[in-house]
Amino acid sequence: MKLDVLTTAAIGLALCGSALAQMEHHHEGMHHHEGAGTAKCANASLACATQATPAFAPDGTLWLAWTANGTVSVAHSRDLARTWSPPVAVNPKPLDLDWGPDSRPSIAVDKDNRVFVAFARFRNSKFDGEVLFSRSLDGGNSFAAATPITDNTESQRFQALVLDADGSLFAAWLDKRDRVPAMAHGEKYVGAGLGFAWSNDHGATFSAAKIAEDNTCECCRLGAGFAGRGRPVVAFRNVFGGTVRDHAVLTFLNPHTPGPIYRVSVDDWQTDVCPHQGPTLAISPDGTYHIVWFTEGSARKGLFYASSADGGRTFTQPMRIGDPERNPARPYLLAADRTLWLVWKEFDGKSTTVSLMTSGDGGRIWSAPRVVAHTDDASDHPLLVRNGRQVFLSWQTRAEGYRLIALENTQ
Amino acid sequence: MKRWLALALFGLVLAPTISSSAPMDDLRNFVRGSWQQLRQAHAGAPLIVHFWGVTCGPCRAEMPRWGQFLKQHPGLPLVTIDADLVPNDADAVKSMLQQSGLTKAENWMFDDDFVERLRYEIDPHWQGDIPRTLLIARDGSTTTIDGVVDFAKVSAWLNHEDKESN
C-alpha cells in the first residue's frame, strides 16, 4: 500500500523487534486466561503500550504519555519520534488503570515546558474510578507523586485536560458523586455527571470540583476545546430522558459557570449499555464548533459530522463519515488555521485502516477520504497532533508500535 | 435480520440469584477462527448464542435470568460468550457464570485484544454492543436481539424450532 506521508517514524528498531517477538509468542500460546494480549508484552515500555497520547510543546518537542501494563510513562522526542528521552514512570508502582476502550492518559505541555499528566485508575471492582494528576517541573526528568484531582471518593473517569491561552489548566471528567444524594432519596441515578476543576497555579492545586451537568453517559471520552479565554467547551454523550444516549455540547459562560447544554443531533440511540465511544470536538479560529460522533440510533447509525456557527445552539444536518460497510469508528478532529482535519478507523475483516479527510471551508466541502495508515492487529484510537502548520497522525498499534505520520493537505 | 428493541430493564428488580456450587465446566478461549469452529460444531441444530460482559450492568442483571431459563429448559442449546468491550478477568467471568447458574452452558470468553476482528467474524456490522443474543435456527437463519431479551419470545422461538423438527 502506498502511503501519502512525508515521514513515517517508528520507535527504535530494538523496541519494535522485541514487540514482534513477543507477539509471535502470544499467537502461539493462546490458551491462557489473562485476556488482552498484554499478557505476553509485560513491561511498561512504549512497545507494550495500549494507548499513547501526544502533545507538542510550543518549542516543537513532541511529548508522549502512554499506558502499558498498569504504568503511565512519559518521554519526549526532539526528532519527531525517531529517538526518545528515557521514559519516566508517572506511577512507578503499577496501578489497575482504567481499561475502558475510550480511556487514555491526558498530557499537556505549557510554554515553560511544564508537563501535566492526568489518568484514571479503577478504585474497586465495580469500575468506580479515580482521576490522578501529576506534573513535571524539570522538563520531564521527574514527575511528582500522582494525586487525586478531587477529594471526592465516588468515581471519576475519562478525564480531559486542556491548557487555556493564559496558561490555566482546565480538567473535565465523568464523576458519579451525585448518585449519593439521589440514592439517599431512593432515586435511581443514571450515568455520571460532568465534573470540572481549574488550576491557576500551573498544576500545584486544583479548584474544588463542581458538577456542570448530571446524567451524562458514564463510559465515553469527552471532547474539549475553548470558545474563548476562560470559556471551555465540552462535547459528551449525554443521557436524554433516562435512556437516549445522544450527544450534547456545553459551553462555559465564564470559568466557573457552565452554560446550558445543547443537543448535537437527535439520533435517538436508546440503550442502557455503555457504547464506549465518545465524540471528538474541534473549534476553528472563527469560533465554529465541529464534532464527529458515533451512534447506533433509530434515526441514524454510523459515524457523523456536524458543525455549529452559533456556539452549539444549532448544528448542521449530520453528514455521514466513512464507509458504512467497514465499521467506521474512533474519529478525531483537529482545526489548524483554516483547515479542518479528520481521521477515523475502518475495518474490513482483516486490516484496520486510518482514513483522512480535510476541509478548507469550515466543513462544507471535504476532500475524498484516503488511507494514511493501516495495521493487521490490535490498535489504539488514531489521534491528530499539530506542530506549527504541520499536522501529524499519532497512532499506537500492536504490530508496528508507535507511529507519527506527517499528513499532507491535498485539497 | 430482525432486531428487537432493547428492553429497559436495567436497574429493575433482578431475578433471584441462583446459587450454584457446581464446578465450572471449561471456559473456552474465543480467538480468531473460534466462531467458525463453534458454528460448525452446532451446524444443523438450533442454537442460542448470548453475548455479555462482566462490566455491562444490564448483562449482569440478565445473566441470572438466563440461568433460570436454562434450568426451566434442560438441554437448552445455549452458548454464552463474554465479549466485554474491556478485557475481563477469567475468574470474574467464571464467578458470574457460577452465580448465574450457567456452568452447564457452553461458555466462552474473548481472548484476543484485536476485538474488531473477533466481532467481524461473528457479524461484520456488530460494533460490540452487549447484551446481544443470536437465535440461530436449524437452517442457519439468525435472529439478532440487541439488548436484554424478552424470554417469552425466546420460548416462542424454541417452540417453533421444536415443531420444525417433528
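The values are calculated or read from the model by the stated rules, or taken from the named source; none is laboratory data. Here the structure is a predicted model, which is why all the values come from computation and not from measurement. Note that each Cβ is placed from the backbone with ideal geometry, even for glycine, and that neighbours are counted across all protein chains shown. SASA here: full protein model, heavy atoms, side chains in, ligands and nucleic acids out. Shrake-Rupley method; radii C 1.70, N 1.55, O 1.52, S 1.80 Å.
Cross-link reach is defined here as a Cα-Cα straight distance under 12 Å, omitting same-chain residues fewer than 8 places apart; for A:Lys176 the aspartates and glutamates meeting it are A:Asp128, A:Glu130, A:Glu154, A:Glu213, A:Asp214, A:Glu218.
Remark: region B:43-154 projects, on average over all directions, an area of 6.6 nm² (convex hull of Cα atoms).
Result for chain A in a Gaussian network model with C-alpha springs under 10 Å: among A:Gln156, A:Gln390, A:Gln270, the largest mean-square fluctuation is at A:Gln390. For chain A, what class follows from the C-alpha gyration tensor (a ≥ b ≥ c being the square roots of its eigenvalues): rounded when a/c is under 1.5, otherwise prolate if a/b is larger than b/c, else oblate? It is rounded, given that a/c, with a ≥ b ≥ c, falls under 1.5.
Between B:Asp150 and A:Arg313, the modelled label-to-label distance comes to 4.3 nm, taking each label 7 Å out from Cα in the direction of the beta carbon. A 1.4 Å probe run over the protein assembly as shown, with the rest of the protein chains in place, finds 40 Å² accessible per residue. At a cut-off of 10 Å², which residues of region B:25-41 become less accessible once all protein chains are present than in their chain alone, using a 1.4 Å probe? Those are B:Leu27, B:Asn29, B:Val31, B:Arg32, which lose 10 Å² or more relative to the chain on its own. Shown is the FRET efficiency for A:Ser351 and A:Asn254, computed with R0 = 45 Å from the Cβ-Cβ distance and rounded to the nearest 0.05: 0.45.
Phi angles of region A:153-170 translate, via the Karplus equation with coefficients 6.51, -1.76, 1.60 and θ = phi - 60°, into HN-Hα couplings of 10, 6, 7, 10, 8, 6, 6, 10, 9, 9, 9, 7, 4, 8, x, 5, 9, 10 Hz per residue; Gly and Pro are given as x.
The shape of region A:311-411 comes out oblate: with a ≥ b ≥ c from the C-alpha gyration tensor, a/c is at least 1.5 while a/b does not beat b/c.
Burial of accessible area (probe 1.4 Å, heavy atoms of protein chains only) in region A:325-356, relative to its chain alone, reaches at least 40 Å² for A:Glu325, A:Asn327, A:Phe347, A:Gly349. Distance between the pseudo-spin-label points of A:Ala204 and B:Asp123 (7 Å out from Cα toward the beta carbon): 5.6 nm. Computed from the C-beta positions of A:Leu137 and A:Asp79, the FRET efficiency with R₀ = 35 Å rounds to 0.90.
The GluC sites (Glu not before Pro) of region A:186-225 that DSSP puts in a loop, and whose beta carbon has at most 14 other beta carbons within 10 Å, are A:Glu187. Accessible surface buried by the B/A pair amounts to about 2900 Å², both sides summed, 1.4 Å probe. With a 10 Å cut-off around each Cβ of A:259-271, the average count of Cβ atoms from other chains is 1. Interface burial in region A:96-131, defined as at least 40 Å² less accessible area with all protein chains than with the chain alone at a 1.4 Å probe, covers A:Trp99, A:Phe127. For chymotrypsin sites (Phe, Trp or Tyr not before Pro), no site in region A:334-411 is both called loop by DSSP and has at most 14 other Cβ atoms within 10 Å.
Ignoring lysines fewer than eight residues from B:Lys104 along the same chain, the ones with Cα atoms less than 30 angstrom from its Cα are A:Lys126, B:Lys2, B:Lys71, B:Lys94, B:Lys153, B:Lys163.
As a calculated quantity, the FRET efficiency between A:Lys188 and A:Lys126 at R0 = 22 Å, using C-beta atoms, amounts to about 0.85. Compare A:Ala165, A:Ala120, A:Ala55 in a GNM of chain A, Cα atoms joined below 10 Å, and give the one with the largest fluctuation. Taking springs between Cα atoms under 10 Å, the residue moving most is A:Ala165.
Assuming charge only on the beta carbon of Lys and Arg (+1) and of Asp and Glu (-1), the dipole of the protein assembly as shown about its Cα centre is about 500 debye to the nearest 20. Distances between placed amide hydrogens fall under 5 Å for A:Gly129 paired with A:Arg123, A:Gln156, all partners being 5 or more residues away or on another chain. Estimated purely from DSSP H runs of n ≥ 4, each contributing -39500 (n - 2.57), the mean residue ellipticity at 222 nm for the protein assembly as shown is -4000 deg cm²/dmol once divided by its residues.
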